[in-house]
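Data first, discussion second: the structure below is written as structure tokens.
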Amino acid sequence: MSNIRVRFAPSPTGALHIGGVRTALYNYLFAKKYGGTFVLRIEDTDQGRYVPGAEEYILEALNWCGIMPTEGQGIGGPHAPYRQSERKAIYLQHSLDLVANGSAYYAFDTPEELEAARAAAAAAGNHNFKYDAVSRKAMKTSLNLTAAEVQRRLDAGEHYVIRLKVPENETVTFTDLIRGEVSFHTSELDDKVLMKSDGMPTYHLANIVDDHLMEITHVIRGEEWLPSTGHHVLLYRAFGWEATMPRFSHLPLILRPDGKGKLSKRDGAKFGMPVFPLSWKADTPEDSFEGFREFGFLPQAVVNFLAFLGWNPGTEQEIFSLDELCEAFSLEKISKSGARFDYDKAKWFNQQYLHATDDAVLAAQIKPLAEAKGYHVSDEYLTQICHLMKGRGTFLPDLVEQSSYLFGDVQSYDNENIAKRWKPESRPVFEALADHLKAQTNFEAATLEASVKEFMAERGLKPGDVMPILRLTLAGTTQGPGVFEMMELFGNDRTVDRLTKAFSHFDALVK
RNA sequence: GCCCCGUUCGUCUAGGGGUCCAGGACGUCGCCCUUUCACGGCGGUAACACGGGUUCAAAUCCCGUACGGGGUACCA
């Protein structure tokens, strides 16, 4: 396949949901795999829901994930503008074309009249009123009104919408690349509004017109669009564009961790996890969210995790770089059923990436976090901390938050464990050990280990008698990196200093 | 309600008629490694929604039922 063109078309109504990121990712992977083009289009046709800053957020989020579009809003390209609100004239012209060829019509019904029609239908026992081939006969449309009357209303500036005239008694069938053949009977389809009375197109019209004009070859979008695809196919036909209609692929939804419905923005707070790539600050706390980035996730881990939510390469490999994903990706391997958002798995992916990331790279990333906590150390020292801690953490901030004693002095001692191990007779032994260490000229971990073992052997001490206490003097806690590695990090003076400082504290605990 | 889509271990999934008393990963449990916490290694637990067909043979194909999800706006 060549000249593949796909698009990601979010509406700027707030922060970009993680499900949207996955849709973007799949589009990116598909385009990249076939050397195609990935277009970003902003679907801002609902003026009432427009949120300032959302467009910038979308770009920043895609950029953070490393899946930037190659054409579109904020990037440029031959089909500009890529913001639908700037393409109003195009949609109007196209909807007029459909009116002219009999595929669409004017409807002058006011919202109140529609509501009344709905209520009347309900009163008659029909609770699913829809504007269709049957009900439109009783409505104020250019199909029923005389041409003169329609013109009169238009000239008078009456509000109107343009609706699709859904043909009667037909079956619309299309092939979804993920689900196979899907069909709808036109009697089930309502006469969708194409142009709203405010002069803006609806999604249905705009997406068909733009996909055609922008030469989109494959539409990869969420499953929530599947039910309206029948209308979309009808639209392509009405325009006479069916021959170049894009292939459709409807992605399974990302479900809540408990499986009850699709993952929504509020679920982040509910389940204590991020559901947005980046943090989003809104006027109210309820509308503000913490992102994967701020949680301390690495973008590669998020991408890898997301890729596997609904897709699988069919092999047993699970860790994939973006390039490897591009290589392995295929629409056929996308599953049909919804996937629950498995936060444990997300954490596992992050841990894997954290462990595999170069020490110096991690150091650069956590530097701001360390400085925010008042830790100021050299880059080399920070790199060493990353080396010692990265195997023990899940998130970036863990490297800082769990290692205060590596940055500075021990802040608090685990007194309970100290009391358990420190005996009145311990002090002379450990003072001797301190002296022994002080005499060391080579302070590398391996050398220290051999030396301390020798020290223990000479005195008939077991590792269990010495090591835990040594750890407590150095870190104040029973957890953390290897004792000798910490010593190497601290160096001779600081190591011995920590030992001697700890002794009096330890003595005080056991009197 | 109606329409559309779906249904393999708790979760993500492999599987596209025989090689499946169903494989991997996360989680969980146990053991090992070990000076701690982790990492890691090894092992255990655990699934083809149900009922009919088709076939010599079905997790795999068909139909139905149940359940789940989505849609049903002058939102996207």
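Laboratory data are not the source of any read-out in this text; all were calculated from the coordinates shown. Just so we're clear, the structure is a prediction, and the values are computed from it rather than from any experiment. Neighbour counts are summed over all protein chains in view; Cβ atoms, including those assigned to glycine, are modelled from backbone coordinates with ideal geometry.
Could you tell me the calculated FRET efficiency between residue A:465 and residue A:401, based on Cβ-Cβ distance and R0 = 30 angstrom, to the nearest 0.05?
Result of the calculation: an efficiency of 0.45.
Which one of A:370, A:69, A:313 is farthest out on the positive end of the charge dipole of chain A, using unit charges on Cβ (Lys, Arg +1; Asp, Glu -1) and the Cα centre as origin?
A:313
Please list, by residue number, everything in the stretch A:159-197 whose backbone N is under 15 Å from a paramagnetic label point 7 Å out along Cα→Cβ of residue A:128.
Answer for the stretch A:159-197: A:184-191.
Three principal axis extents, largest first, for the C-alpha atoms of the stretch A:97-157, in Å?
So the three principal-axis extents are 36, 24, 16 Å.
Classify the stretch A:136-211 as rounded, prolate or oblate from the Cα gyration tensor: take a ≥ b ≥ c as the square roots of its eigenvalues, call it rounded if a/c is under 1.5, otherwise prolate when a/b beats b/c and oblate if not.
oblate
Return the calculated 222 nm mean residue ellipticity for chain A, to the nearest 500 deg cm²/dmol, obtained by summing -39500 (n - 2.57) across DSSP H runs with n ≥ 4 and dividing by the residue count.
Theoretical 222 nm ellipticity from helices: -14000 deg cm²/dmol.
Using the structure shown, select from A:281/A:345; A:140/A:165; A:420/A:462; A:130/A:262; A:140/A:192; A:130/A:336 the pairs with a Cα to Cα distance greater than 18 angstrom.
A:281/A:345; A:130/A:262; A:130/A:336
As an exercise, use a Förster radius of 45 Å and the Cβ-Cβ distance of residue A:188 and residue A:149 to find the FRET efficiency, rounded to the nearest 0.05.
0.90
Percent relative contact order of chain A, based on C-alpha pairs within less than 8 angstrom and at least six residues apart?
Once divided by the residue count of chain A, the mean separation gives 12 percent.
When the chain is fully extended, how far beyond the present Cα-Cα distance does residue A:457 get from residue A:279, taking 0.36 nm per residue of separation?
Taking 0.36 nm per residue and subtracting the Cα distance, the gain is 58.5 nm.
If you add up the charges near residue A:7, with Lys and Arg at +1 and Asp and Glu at -1, over every other residue whose beta carbon is less than 12 angstrom from its beta carbon, what do you get?
Taking every other residue near residue A:7 into account, the sum is -2.
Can you find, among A:201, A:173, A:396, the residue farthest towards the positive end of the dipole of chain A? Put +1 on the C-beta of Lys and Arg, -1 on that of Asp and Glu.
A:173
Can you give the convex hull volume per residue for the Cα atoms of the stretch A:376-511, as a whole number of Å³?
Value for the stretch A:376-511: 109 Å³ per residue.
With a Förster radius of 22 Å, plug the Cβ-Cβ distance of residue A:316 and residue A:348 into 1/(1 + (r/R0)^6) and report the FRET value to the nearest 0.05.
My answer for the efficiency is 0.90.
Go through A:449-462, A:288-301 and give me the packing order, highest mean Cβ count within 10 Å leading.
A:288-301, A:449-462
Using 0.36 nm per residue of separation minus the Cα-Cα distance, give me the extension gain between residue A:501 and residue A:93 in nm, one decimal.
138.7 nm
Using only the alpha carbons of the stretch A:178-277, what is the convex hull's orientation-averaged projected area in square nanometres?
9.0
One-quarter of the Cα convex hull surface for chain A, in nm²?
Its Cα hull, projected and averaged over all orientations, spans 32.1 nm².
Tell me the label-point distance for the pair residue A:242, residue A:68, using the 7 Å Cα-to-Cβ offset, in nm and rounded to one decimal.
Computed distance between label sites residue A:242 and residue A:68 equals 4.2 nm.
Considering all projection directions equally, how large on average is the shadow of the alpha-carbon convex hull of the stretch A:42-139, in square nanometres?
Convex hull of Cα atoms, orientation-averaged projection: 9.8 nm².
When a/c reaches 1.5 or more, the comparison of a/b and b/c decides; with that in mind, is the stretch A:394-470 rounded, prolate or oblate per its Cα gyration tensor?
oblate
What is the Å³ per residue value for the convex hull set by the Cα atoms of the stretch A:315-443?
Dividing the Cα hull volume of the stretch A:315-443 by its residues yields 211 Å³.
By how many degrees, between 0 and 90 and to the nearest 10, does the Cα long axis of helix A:445-459 differ from the longest principal axis of chain A?
The angle comes out near 40 degrees.
Using only the alpha-carbon atoms of the stretch A:319-388 as identical scatterers, what base-10 log of I(q)/I(0) does the Debye formula give at q = 0.15, 0.19, 0.27 Å⁻¹?
Results for the stretch A:319-388 at q = 0.15, 0.19, 0.27 Å⁻¹ read -0.71, -0.89, -1.18.
Where Rh is the Kirkwood radius over the Cα pairs of the stretch A:81-193, the temperature 25 °C and the viscosity 0.890 mPa s, what D in µm²/s does Stokes-Einstein return?
For the chosen part, D equals 153 µm²/s.
Once you charge only the Cβ atoms, +1 for Lys and Arg and -1 for Asp and Glu, what is the size of the charge dipole of chain A about its Cα centre, to the nearest 20 debye?
760
Quick one: length gained pulling residue A:80 to residue A:326 fully straight, 0.36 nm per residue minus the C-alpha distance?
Length gained between residue A:80 and residue A:326: 85.9 nm.
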